[in-house]
Amino acid sequence: MTAYCKLDEAAGAARAEDAMGGYPAGAHGGVMFGATGKAGKVVRLNGSTGYLATSGPSLTAPRALASPLGRS
């Protein structure tokens, strides 16, 4: 199974929606959706407590996770 989250949710969102609808990622701690990035909206994590988690299986291959997030 594969989950793909674009991480471009609007400000105030509670979770990152999975494009396939199977495994949305819930926000925990210091997460802000809708921040402005280099190419549209991004998710900003506060660097200490912010993370996203799904109820689905986790990734095991280190190269399976890419981070296209822009810095603002």
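A few comments on the model shown:
- For residue 6, residues with placed amide H under 5 Å, excluding near neighbours: 19
- Taking label points 7 Å from Cα along the Cα-to-Cβ direction, residue 28 and residue 11 give a separation of 2.7 nm.
- The local environment of residue 31, defined by Cβ-Cβ distances under 11 Å, has a net charge of +1 under the rule Lys, Arg +1 and Asp, Glu -1.
- Residues residue 48 and residue 19, FRET efficiency given R0 of 30 Å [Cβ-Cβ distance, rounded to 0.05]: 0.60
Here, each number is a calculation from the coordinates, and none is a lab measurement. Keep in mind that this is a model prediction, so the values were computed, not measured. Every residue, glycine as well, gets a Cβ built from its backbone with ideal geometry; the counts of neighbours run over all protein chains shown.
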